[in-house]
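Shown next, in structure tokens, is the structure this report addresses.
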Amino acid sequence: MSRAGVFGTGSWGTTFAMILAEAGTRTTLWGRRAAVVDAINDTHENPDYLPGLALPETLRATTDPAEAMRGADFVVLAVPAQTLRENLTAWRPHIPDGAVLVSLMKGVEIGTCKRMSEVICEVAQVPESRVAVVSGPNLVGELAQRQPGATVVACADEEVAGRLQDACHLPWFRTYTNHDVVGVELGGAVKNVIAVAVGVAAGMGLGDNVRAMLMTRGLAEIARLGAALGADQHTFAGLAGMGDLVASCTSPLARNRTFGENLGRGMTMAEVVAATKQTVEGVKSCESVLQLARKHDVEMPITEVVVGVVHDGMTPGEAAMLLMSRTPKPERYGV
């Protein structure tokens, strides 16, 4: 039986821990707050993020990172992207030899413009073959209710990807393997930014044509950046690309879309932030995504206007005008 330590008792970390446990992986969930940990152990429920959801009785929780990692085959990281470096630095002494580090995070680090797998390799001092990423259309509100879903497990080492696939595959949760870590990570990180843009459009009352335009041109932005970074272009037509983009841009359960929708309705940034209970990675990472694109001379106009709206005081109306007034171009995939 495989063992896993999952770090982060937020909604996605708890749900993925549930999936691992139900798939037969012996799983320990690490949390910072003793009250949440005690509730998971005593009532088999996470009252803060998934109230009313019955967690497997085999799932245990702890506030001790060493205990969570003890004997783990997989160390699963489900913390906010911008806190990864600090947290992993503290946890590094407890990582078991040979353990695979798994990223559930969808962001690009501010300042360094590094993907989460790159941060993990650097901080934990492990090779790429020991780092895997999980990404796809994984709306927690549905998966927590055990509704059918699917995801992509990506690792440079196909054998490692296969082991992680076995550890989290269920009749209602399908996992697919992929060797393209770069493409899978970029799809997950940049779709958050595009979802904010689609949310803004929806909040402004703009129609389905505009949303479809933003999604398809957003996918082109993701593909352009992916090509510059050496990703497999086929990845963006799959679950970690188009699949995740569609779910995040169309579902009311998606945080990034909801954040953008509130902005489009006229709420100020301060008001939206105050009303948002969980991390919105598209808002946190959009500047670093744009910086990464500029570093590689990749044009990303939708990402630019999202940065303008959430960080530079641009109004949603100004953003729409800016996008619609761009010079006409031929439509080709990746252009």
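A short reminder: the numbers here are calculations on the coordinates, not readings from a lab. Please read these numbers as outputs of a predicted model, since none were measured by experiment. Here the Cβ is made from the backbone with ideal geometry for all residues, glycine too, and neighbour counts use every protein chain on show.
What is the log10 of I(q)/I(0) for the chain, computed with the Debye formula using one identical point scatterer on each Cα and no solvent, at q = 0.15 Å⁻¹?
Cα-only, vacuum Debye calculation for the chain: -1.23.
On a full-extension model of 0.36 nm per residue, what is the gain between ASP64 and LYS295, subtracting their alpha-carbon distance, rounded to one decimal in nm?
On the way: separation 231, 0.36 × 231 = 83.16 nm, distance 3.96 nm.
Between ASP64 and LYS295, full extension yields an extra 79.2 nm.
Might you report the magnitude of the Cβ-based charge dipole of the chain about its Cα centre, with Lys and Arg at +1 and Asp and Glu at -1, to the nearest 20 debye?
On the way: 29 positive and 36 negative charges, 81 e Å.
Taking the Cα centre of the chain as origin, the dipole is about 380 debye.
Quick one: which of 20-26, 194-200 comes out on top by average Cβ neighbours within 10 Å, and what's the full order, highest first? Before the final figure, lay out each step's value.
Details: 20-26: 20.9, 194-200: 30.3.
With the highest mean Cβ count within 10 Å placed first, the list reads 194-200, 20-26.
Computed over the Cα atoms of the range 1-72, what is the convex hull's projected area averaged over all directions, in nm²?
Details: hull surface 15.7 nm².
Computing the convex hull of the Cα atoms and averaging its projections yields 3.9 nm².
Applying 1/(1 + (r/R0)^6) with R0 = 30 Å to the Cβ-Cβ distance of ASP208 and ALA35, what FRET efficiency is obtained, to the nearest 0.05? Walk me through the intermediate numbers first.
On the way: r = 44 Å, r/R0 = 1.46.
It comes to 0.10.
Starting from 0.36 nm per residue, how many nanometres of slack lie between LEU253 and THR268 once their C-alpha separation is accounted for? Intermediate values should be presented prior to the final figure.
Details: separation 15, 0.36 × 15 = 5.40 nm, distance 2.10 nm.
Gain on extension, LEU253 to THR268, equals 3.3 nm.
Quick query: amide H of GLY107 versus all other amide H atoms, modeled in the peptide plane; which residues come in under 5 Å with a sequence gap of 5 or more or a different chain?
Answer set, sorted by chain and number: MET116.
Mind ordering 317-325, 130-138 by average Cβ neighbours within 10 Å, highest first?
Numbers: 317-325: 13.9, 130-138: 25.4.
My ranking of the peptides, most packed first, is 130-138, 317-325.
Would you mind computing Rg(Cα) / (2.2 N^0.38 Å) for the range 3-179, counting N as its residues?
Here the answer is 0.94, to two decimals.
What's the percent breakdown of Cα-Cα distances in the range 182-324 across 10 Å bins, shortest bin first?
Per 10 Å bin, starting at zero, the Cα-Cα P(r) for the range 182-324 comes out as 13, 48, 33, 6 percent.
For the range 243-307, report the translational diffusion coefficient in µm²/s to the nearest whole number, using Stokes-Einstein at 37 °C, 0.692 mPa s, and a Kirkwood Rh over Cα pairs. Walk me through the intermediate numbers first.
On the way: Rh = 12.9 Å.
The Stokes-Einstein estimate is 255 µm²/s.
What's the angle, to the nearest 10 degrees (0 to 90), between helix 181-203's Cα axis and the longest principal axis of the chain?
Helix 181-203 sits at roughly 50 degrees to that axis.
Please give the charge dipole size of the range 182-324, origin at the Cα centre, charges +1 on K and R Cβ atoms and -1 on D and E Cβ atoms. Round to the nearest 20 debye.
Using only the charged Cβ atoms, the result is roughly 240 debye.
Which lysines, on any chain, are close to LYS284 with Cα under 24 Å apart, when same-chain ones fewer than 8 places away are left out?
Of all the lysines, those that pass the test against LYS284 - Cα under 24 Å, at least 8 places apart if same chain - are LYS106, LYS114, LYS191, LYS295.
As I understand it, the dipole of the chain uses +1 on the Cβ of Lys and Arg and -1 on the Cβ of Asp and Glu, about the Cα centre. Which of GLN82, GLY205, LEU104 lies farthest toward its positive end?
Among GLN82, GLY205, LEU104, the one farthest towards the positive end of the dipole of the chain is GLY205.
Name the residue farthest towards the positive end of the dipole of the chain from the options TRP91, ALA189, ALA66, assuming +1 on Cβ of Lys and Arg, -1 on Cβ of Asp and Glu, about the Cα centre.
ALA189
Counting only residues 5 or more places away or on other chains, whose amide H sits under 5 Å from the amide H of VAL102 once H atoms are built in the peptide plane?
Those qualifying (amide H under 5 Å, at least 5 residues apart or on another chain) are VAL75, VAL76, LEU77, ALA132.
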